[in-house]
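J.: I have a structure here, written as structure tokens, and I will follow up with some questions on it.
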Amino acid sequence: EVVAAGDPADPLLIGGGAAAVLAPRAGAGLDEIRVLDARLRRWADLAEAATRRTVRDLPGAGAAGGAGFAALAFLGATIEPGPGVLLDVLGFADRARDAHLVVTGEGVLDTRSLRGGAPIGVARAAARAGVPVVAVAGRRGLTGEQLRKARIQAVYALEDIEPDTGRRVRRAGPLLEQLTVAIADEWLPPVRRPEN
């Protein structure tokens, strides 16, 4: 049995398919998305003919930009929500119980994240362990109410301290350091230094 960790909500082709959803996050324009979708359709035609399995419309076929389709077609896999699988494998719930804070993150924290993204899975597991959760993101696109329902107490976004996308990408390391200091100052107890 093969279980692939991915997003079971992602379809392979247009109408919310892999190219339409994932390619814009990587900077693809409308024309490029159409080309990518056409190539995915051709690949699906060839793969389904070779394997005699029709899987392009199954839940999860678009996971990881179409890797879910390959797992379904060639391996006969099932697609399980990625965050849940990984959190179980890592024993996250047991590890989180002793933490003061859990920090999770994603490049863009938006409504797509709510459909099973890793930060949401982490936040829910940490909440069950009674540990607060904050998120770090390049950009944020969720309301306070959406964050509350997702069990995330705060989001620290790089765009808040550097609105220019190019500079934000070039200076990601120093900007993350800046956010780390802010998170530690706001969420962690002060470190006591040993007296001499």
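The values are calculated or read from the model by the stated rules, or taken from the named source; none is laboratory data. What you see is a predicted model, and the numbers here were worked out from it, not measured in a lab. Reconstructed Cβ throughout: ideal geometry from the backbone, glycine too, with neighbour counts over all protein chains shown. Surface areas here come from the heavy atoms of the whole protein model, side chains and all, with no ligands, DNA or RNA. Shrake-Rupley method; radii C 1.70, N 1.55, O 1.52, S 1.80 Å.
A quick yes/no check of all residues on (1) open to solvent by less than 90 Å² (accessible area, probe 1.4 Å); (2) over 24 Å from Val85 (Cβ atoms); (3) hydroxyl-bearing (Ser, Thr, Tyr); (4) assigned to a strand (DSSP E or B):
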| site | (1), (2), (3), (4) |
| --- | --- |
| Val103 | yes, no, no, yes |
| Val122 | yes, no, no, no |
| Arg167 | no, yes, no, no |
| Ile183 | yes, yes, no, no |
| Pro189 | yes, yes, no, no |
| Pro194 | no, yes, no, no |
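J.: What are the residues in the range 48-69 that are in a helix (DSSP H, G or I), of a type in the set (Gly, Ala, Ser) and surrounded by 18 or more Cβ atoms within 10 Å (Cβ to Cβ), if any?
T.: Once the filter is applied, which keeps residues that are in a helix (DSSP H, G or I), of a type in the set (Gly, Ala, Ser) and surrounded by 18 or more Cβ atoms within 10 Å (Cβ to Cβ), the range 48-69 yields Ala63, Ala64, Gly65, Gly66, Gly68.
J.: Val89 - would you say it is within 16 Å of Arg115 (Cα to Cα), in a helix (DSSP H, G or I) and open to solvent by 20 Å² or more (accessible area, probe 1.4 Å)? Don't jump to the end; show me each part of the working.
T.: Numbers: within 16 Å of Arg115 (Cα to Cα): no; in a helix (DSSP H, G or I): yes; open to solvent by 20 Å² or more (accessible area, probe 1.4 Å): yes.
Judged against the criteria, Val89 is not a match.
J.: Just give me the residues in the range 17-29 being open to solvent by 20 Å² or more (accessible area, probe 1.4 Å) and either assigned to a helix (DSSP H, G or I) or in contact (Cβ under 8 Å) with a residue 40 or more places away in the chain (or both), in sequence order.
T.: Ala20, Val21, Leu22, Pro24, Arg25, Ala26
J.: Only residues that are in a helix (DSSP H, G or I) and in contact with a helix residue (DSSP H, G or I) (Cβ under 7 Å, 6 or more places away or on another chain): list them for the range 129-165, please.
T.: Gln146, Ala150, Leu158, Glu159, Ile161, listed by residue number.
J.: Take Glu1 and tell me if it is open to solvent by 20 Å² or more (accessible area, probe 1.4 Å), over 27 Å from Gly107 (Cα atoms) and part of a loop (DSSP other than H, G, I, E, B).
T.: It is true that Glu1 is open to solvent by 20 Å² or more (accessible area, probe 1.4 Å), over 27 Å from Gly107 (Cα atoms) and part of a loop (DSSP other than H, G, I, E, B).
J.: Since Arg112 meets every condition but one in (1) at pLDDT 90 or above; (2) on the phi < 0 side of the Ramachandran plot, which condition does it not meet?
T.: (1)
J.: Let me ask something additional. Can you name the condition, by its number, that Gly6 falls short on among (1) within 29 Å of Val169 (Cα to Cα); (2) surrounded by fewer than 18 Cβ atoms within 10 Å (Cβ to Cβ); (3) touching a strand residue (DSSP E or B) at 6+ places or on another chain (Cβ under 7 Å)?
T.: With respect to (1) within 29 Å of Val169 (Cα to Cα); (2) surrounded by fewer than 18 Cβ atoms within 10 Å (Cβ to Cβ); (3) touching a strand residue (DSSP E or B) at 6+ places or on another chain (Cβ under 7 Å), Gly6 is out only on (2).
J.: Here are some residues: Leu114, Leu109. Which one is of a type in the set (A, V, I, L, M), more than 15 Å from Pro8 (Cβ to Cβ) and within 21 Å of the chain's Cα centre (by Cα)?
T.: The conditions single out Leu109.
J.: With respect to the numbered conditions (1) within 17 Å of Ala5 (Cα to Cα); (2) assigned to a loop (DSSP other than H, G, I, E, B); (3) in contact (Cβ under 8 Å) with a residue 60 or more places away in the chain, which one is the sole condition not fulfilled by Glu80?
T.: Glu80 satisfies every listed condition except (2).
J.: Additional query: With the condition kept exactly as written, say whether any residue in the range 41-54 is within 22 Å of Gly6 (Cβ to Cβ) and in contact with an Asp or Glu (Cβ under 9 Å, 6 or more places away or on another chain).
T.: Within the range 41-54 (the criterion being within 22 Å of Gly6 (Cβ to Cβ) and in contact with an Asp or Glu (Cβ under 9 Å, 6 or more places away or on another chain)), the answer is yes, since at least one residue qualifies.
J.: Still on this structure: Scan the range 34-46 and tell me whether some residue there is over 30 Å from Val122 (Cβ atoms), surrounded by 18 or more Cβ atoms within 10 Å (Cβ to Cβ) and modelled with pLDDT of 90 or more.
T.: Yes, there is a match, as at least one residue in the range 34-46 is over 30 Å from Val122 (Cβ atoms), surrounded by 18 or more Cβ atoms within 10 Å (Cβ to Cβ) and modelled with pLDDT of 90 or more.
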